[in-house]
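To keep things clear, I will list the structure first and then write my remarks on it.
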Amino acid sequence: MASAQDAGRGWSMAGRCLTALVGGYAAAAGLATLLARLLPVARVEATAWGMILSFLFYAAFGLWAFHEPRLARVASVIWGSAIVTGGAALLLGVRP
Amino acid sequence: MRQSMAWIHGWLGLLAGWILFAMFVTGTASYFRPEITRWMQPEYRPRPVGNAEAARTAVAWLQKNAPHDEQWTIYLPNERTLATRVFTRARPSPDPKAPRAPRRPETRLDPATGVPVEARETRGGEFFYRFHFQLQLPHPWGRWLAGLCAMFMLGAILSGVITHKRIFADFFTLRWSKGRRSWLDAHNVSAVLALPYHAMITYTGLITLVVMYTPWPILANYAQPAVFSASLYADTASQKASGQPGRLADIGRLVEAASAEWQGARVSRVIIGNPDDASSTVTLLRSSDDRLNARSASITYAGVSGERLSASPAPGPAIETAGVMLGLHLGWFAGPLLRWVCFLLGLTGCAMVATGLVLWAVKRRKPGAKPFFGLSLVDRLNIGAIACLPAGMAAFLLANRLLPPMLAGRADLEVSAMFWTWFGLAGLSLLRPARRAWIEMLTLSALLFAAIPMVDLVTIGGGAFDGFFLAFDGTMVLLAVVLGFAAWRLARRPVDAARPRRRVSLAVSEVREAMDVA
């Protein structure tokens, strides 16, 4: 249970849970949106692929948040992915 | 990897477990949604008619009762659903800031006569179905909570698979009467045996509400999100009314035309936009009970002339995938035998969640030591969720037979009977020691299920009985036997603390177990 102990208690655990739940959702949504925007297939198809895969992304981010012992790494990767993918999707705008 | 995953598996499972158990149980019951409704309205025995005729009678009733509404939706009956179900949506108010008019409540019509069904008022199987993803909470909170729990379930399944090193061997391992070992084995057998089913039902469950949970890909590709759904169906809601009055063509003829175009497949749903207008549209949806894809094809006709306007485009791979996922979750494709297999697989899901919850408590219990607060809390919630919910569901069915058929508001009373029994028993069980409470609540649940056939026989009488009611009541007896067996096993099991073997167990085996259970 090494990683569980490393996860620490109190604030550290709260931060990890928040990162997994909210950050994980944001990162998964950002990734799914970017995928939907960039996939070189029909609009409706790309949208559906993004939506279908979004839960897999969320689960992967969420589980990894509790697997990786270093909270700083967890927070930077997950929140970072959320900002990068979400920002990219915003900058690209709606598919022309 | 395995250790961190075992840890997260335990917590994900615990935090969502009680709600997941209720979702699994009521969802499993929902495989028989039309049958439960049919059982709950025993006096309703309609004369079956064809699809075209059912559509005609429904339209006639709607023209009399909601002629000026913006949209009508008609669900045509089939072998399992006996009544035609209709919804209408009122015309939006001219004020652009006013919210979109809500869908009016469902009306169930007799397919042959087109008058509302005259039978005892009940929510029927619809209640379990709605509860399993709305949890009787105000919209949209129930759906969000259900989605969060499903996400926890997905995480628990993935981490559970990673944790599990001997996935094939455990397929055949069930050691009875070995305390914690048995609970672990039971959890593994119920989980591994139907693992593809559990993973499928969880993921596809999330997909059913994906437009609510993750709408962002739509926003990235469509300036107007409505265009996305319009590109899946031939959407009639977006059609503007002309303002000129118009009369609908014969709907039965359109139903027959669409059916012929689909090589005889049935029409399951009729959506009529602006029904009293010259520009009215009739969209017919193909039934999906003969295929996996539940997102079925549709054809749109001009309402007044009956001219064929458009058909839904052939779906690409992603839309097809989403449709099949939806179909797998709903299980409409399943014939009677396959439906029973789905039902049994659903029960293994219930067993997996229940044994997992019990295991969480059992493996933290120290022999002879007084349980700490968190452990007692989990124990009590386990009793309330696992042992008392079946009693509540039995009470729902019993109330259907015991409340006077003509009583006003009886549909809501049936629902109240379920929650009062469920939460009332959970409260009462606090007065008893945990072990006794388990046994007594499971026994009570078993007795309530066993009472259903008897009450059915007494209140409805033998004359009205046919094979369907016998099969339903027989199933209730089987459920009573399963619950009774659980109570009997518990009563026979020696008390944990009194077992010497646990206290002298060898350090080596203890370590191995800890690794397995983690």
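Every read-out reported here was derived from the displayed coordinates using simple, explicitly stated rules and does not represent laboratory data. This one's a predicted model, so the numbers in the text were calculated from it and none came from an experiment. Every residue, glycine among them, receives a Cβ derived from its backbone with ideal geometry; neighbour counts consider all protein chains shown.
Measure nothing but the geometry: give the 0 to 90° angle between the long axis through the Cα atoms of B:51-65 and the longest principal axis through the Cα atoms of chain B, rounded to 10°. So the helix axis and the longest Cα principal axis differ by about 80 degrees. Which loop GluC sites (Glu not before Pro) in the stretch B:8-65, with loop taken from DSSP, have no more than 13 other Cβ atoms within 10 angstrom of their Cβ? Counting only loop positions with at most 13 other Cβ atoms within 10 Å, the GluC sites (Glu not before Pro) in the stretch B:8-65 are B:GLU43. Take chain A, mark every one of the trypsin sites (Lys or Arg not before Pro) that falls in a DSSP loop and has at most 16 other Cβ within 10 Å, then report the longest stretch left between them, sites excluded. Between the exposed loop sites, the longest stretch runs A:10-69.
The alpha carbons of the stretch A:7-96 stretch over 47, 23, 15 Å along the principal axes, in descending order. The C-alpha atoms of chain B define a longest principal axis, and helix B:251-261 lies at about 70 degrees to it.
Of B:LEU389, A:LEU56, B:LEU285, the sequence from fewest to most neighbouring Cβ atoms within 10 angstrom is A:LEU56, B:LEU285, B:LEU389. Quick one: among A:ALA20, A:ALA48, A:ALA59, which has the greatest mean-square fluctuation in a GNM of chain A with alpha-carbon springs under 10 angstrom? So, out of A:ALA20, A:ALA48, A:ALA59, the one fluctuating most is A:ALA48. Of all segments of chain B bounded by chymotrypsin sites (Phe, Trp or Tyr not before Pro) found in a DSSP loop with no more than 14 other C-beta atoms within 10 Å, the longest spans B:177-371.
Compute the Cα gyration tensor for the protein assembly as shown, then decide on rounded, prolate or oblate, letting a ≥ b ≥ c be the square roots of its eigenvalues: rounded whenever a/c is under 1.5, prolate when a/b is larger than b/c in the other cases, and oblate in all that remain. Judged from the Cα gyration tensor, the protein assembly as shown comes out oblate (a/c at least 1.5, b/c at or above a/b). In the stretch B:240-379, the alpha-carbon atoms span a convex hull of 189 Å³ per residue. Reported to the nearest whole Å, the Cα centre-to-centre distance from the stretch B:315-344 to the stretch B:211-229 is 24.
Among B:GLU79, B:GLU106, B:GLU256, rank each residue by its count of other Cβ atoms within 10 Å, from fewest to most, as a rough exposure measure.
Values: B:GLU79 9, B:GLU106 13, B:GLU256 16.
Exposure proxy ranking, most exposed first: B:GLU79, B:GLU106, B:GLU256.
Excluding same-chain neighbours fewer than eight residues apart, the aspartates and glutamates reachable from B:LYS240 by a Cα-Cα span under 15 Å are B:ASP69, B:GLU70, B:ASP276, B:ASP277. With a Förster radius of 30 Å, plug the Cβ-Cβ distance of B:ARG364 and B:LEU137 into 1/(1 + (r/R0)^6) and report the FRET value to the nearest 0.05. That gives a FRET efficiency of 0.50. Only helical DSSP H runs with n ≥ 4 go in: add -39500 (n - 2.57) per run for chain A, normalise by residue count and round the 222 nm mean residue ellipticity to 500 deg cm²/dmol. Helix contribution divided over all residues of chain A: -26000 deg cm²/dmol.
Taking the Cβ-Cβ separation of B:SER279 and B:GLU43 as r and a Förster radius of 56 Å, what is the calculated FRET efficiency to the nearest 0.05? The partial results should precede the final answer.
Numbers: r = 42 Å, r/R0 = 0.75.
Calculated transfer efficiency: 0.85.
Using only Cα atoms and rounding to the nearest 10 degrees, what angle (0 to 90) does helix B:195-208 make with the longest principal axis of chain B? Taking the Cα atoms of chain B, the angle to B:195-208 is about 40 degrees. For chain B, which longest stretch is free of loop sites, where a loop site is one of the trypsin sites (Lys or Arg not before Pro) that DSSP puts outside H, G, I, E and B and that has at most 10 other Cβ atoms within 10 Å? Segment B:241-518 is the longest. Amide H contacts of B:ARG120 (H built 1.01 Å from N, in plane; Pro and chain starts excluded): B:GLU43 sit under 5 Å, all sequence-distant by 5 or more or on other chains. Over chain B, DSSP H runs of length four or greater, each weighted -39,500 (n - 2.57), average out per residue to a 222 nm ellipticity of -18500 deg cm²/dmol.
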